[in-house]
Amino acid sequence: MSKTVTRIEEPKYASRKRVAAYCRVSTNHEAQLESLENQIETFRFRAAQRGDWDLKNVYVDEGLSGTSVKGRVQFQQMIEDCKAGEIDYIVTKSISRFARNTVDTLSTVRELQSYGVQVFFEKEGIDTADALSEMVLTIMASFAQEESRSISENVKWGIRKRFEAGNEVKVPLYGFYHSDDEMFLIQKEEAAVVKEIFERFVHGEAPLDIMNDMTARGIKPPAGKCWKRLQIDRMIKNEKYAGDVVMQKTYIENHLTHRQIRNHGALPKFHVKNAHEAIVDRHIFDQAQKIMAMRNVAVGNSTYPYGEMLKCPHCGKPLVHGSLNNFYYNGERIQNGGWGCYGEGGCGGYLIIQNVLDEAMVKAYEEKYGEKKETVEFYWLDDTMETILLNEEQVTIHWCDGDTKVSQLDFSEERYCPSRYSVFYNDYLDRIRCGVKKNKYKFLMGLALSSAHAG
């Protein structure tokens, strides 16, 4: 009996592909949104003409860059639906609409192929089901990435030219709003809050106290549900409230990561004075900046309220401030800071306790102006006093109006005399430096703290 081989033919059924379309535009400009509508309408028309296509969904990302797939919500959803087996085929207008990053393009296509999904790029005529598609796709995706880089550089050039010309850029900022024709128009209710914060800060109130009060009063913050310390700090430092604009404070690292980096000299900055109407008086704004510099919490202490107004009577170097709370001298606790000639170049020959100096300053002000002051604040020192001269027994004030006042320093006991106190303090520092005494205090004047000495 002869052997017979028969070929078995499986019955063929007309199959329909479950198709998805992906559309994207990188901005929300009207022209681009119109282009997006055209893309969507075109894909729906094509699907209706194809008897083997079943258009399951159209995924749309508006106003999002194509240089990275991260952040494109609809794109990510499309990938998840493919992974779930809901889609067989994806159509998109071009490689640049899909992704302008070569690595993202290839890795995404390969991932989709692992789910059994192919992609058709209409403009380039590339179907990833074809054998040679990956080689062609790699070349075309590289062109798209280079095109993106070129566009990014052109945009950066245009922005920098605008900066050089002093042209402002629209940015959202508490206290202002923008119209189609004008930028940085004052929003009255928010501007009143800004003014209050500056006034309170300049008059000596701490940002944390201001923040807590704003929250307690239910005043709407710049962002979020409650006020944050960083919001207060940023507001006080922002030159736009004085009517100025500093341009190019930050820049974009590159066209792929889009990471924003603070500009610390890598690119030029441009300061435009009186660029728009101010919310805060420039004098108050300038005082606020000086106070921010004095309250340097980054190093743990402060030069508020005197700044560099105090000079050593022996060598002329500006005195530095140190926190001496719970510091003991001859068995008595010092419950205040001090001002001394320490730090780089300091002679170490003068150290005065702050409350002794403050009492003399407040007394001098009250005698001249007849106005009661509880504490020394920078704003009235800055407004009324030209110079402050110190010696062992008195402080000499030269007022801004030309008057001079000599006020005695009240040393009720000899131990607070600046020269004698500095001798004791220098000996104390020497014992810490040589390891005889353990340092229990932070931020002592004239002492560079180390882990070996810190207690």
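The values are calculated or read from the model by the stated rules, or taken from the named source; none is laboratory data. Being a predicted model, the structure only gives us computed values, none of them experimental. Here the Cβ is made from the backbone with ideal geometry for all residues, glycine too, and neighbour counts use every protein chain on show.
Among the conditions (1) modelled with pLDDT of 90 or more; (2) not assigned by TED's automatic domain parsing to the domain that holds GLU277; (3) not polar (S, T, N, Q), PRO221 misses just one, which is (2). Of the helices (runs of 4 or more DSSP H) lying entirely inside region 186-243, those containing at least 2 residues that are more than 16 Å from the chain's Cα centre (by Cα), more than 22 Å from PRO305 (Cα to Cα) and in contact (Cβ under 8 Å) with a residue 40 or more places away in the chain are 188-202.
So, in region 357-383, exactly how many residues are of a type outside the set (D, E, K, R), outside any loop (DSSP other than H, G, I, E, B), farther than 20 Å from SER412 by Cβ and over 32 Å from the mean Cα position of the chain (by Cα)?
Qualifying residue count for the region: 2.
One line per residue, one yes/no per condition, for (1) crowded, with 16+ Cβ neighbours inside 10 Å; (2) in the same structural domain as LYS405 (by TED's automatic domain parsing); (3) not polar (S, T, N, Q):
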residue	(1), (2), (3)
ASP286	no, no, yes
GLY307	yes, no, yes
LEU310	yes, no, yes
ASN330	no, yes, no
ARG333	no, yes, yes
GLU344	no, yes, yes
ILE352	yes, yes, yes
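Sort out which residues of region 316-351 are at pLDDT 80 or above, part of a loop (DSSP other than H, G, I, E, B) and closer than 27 Å to THR384 by Cβ, and write them in order of number. Answer for region 316-351, where residues must be at pLDDT 80 or above, part of a loop (DSSP other than H, G, I, E, B) and closer than 27 Å to THR384 by Cβ: GLY316, LYS317, LEU319, GLY337, CYS341, TYR350. Within the option set TYR379, TYR369, being among the aromatic types (Phe, Trp, Tyr), modelled with pLDDT under 95 and either more than 20 Å from THR303 (Cβ to Cβ) or exposed (fewer than 14 other Cβ atoms within 10 Å of the Cβ) (or both) holds for one residue only, TYR369.
The residues of region 19-37 that are modelled with pLDDT of 70 or more and either outside the structural domain of SER94 (by TED's automatic domain parsing) or hydrophobic (A, V, I, L, M, F, W, C) (or both), listed by number, are VAL19, ALA20, ALA21, CYS23, VAL25, LEU36.
Checking each residue in region 342-395 for being within 23 Å of PHE285 (Cα to Cα), out of contact with any His (no Cβ under 8 Å at 6 or more places or on another chain) and without any contact (Cβ under 8 Å) to a residue 24 or more places away in the chain picks out LYS373, TRP380, ASP383, THR384.
Scanning region 109-131 for residues that are surrounded by 19 or more Cβ atoms within 10 Å (Cβ to Cβ) and either within 39 Å of the chain's Cα centre (by Cα) or under 18 Å from VAL60 (Cα atoms) (or both) gives VAL109, LEU112, VAL119, PHE121. Residue count for region 314-328, restricted to those that are closer than 16 Å to LEU429 by Cβ and surrounded by fewer than 16 Cβ atoms within 10 Å (Cβ to Cβ): 1.
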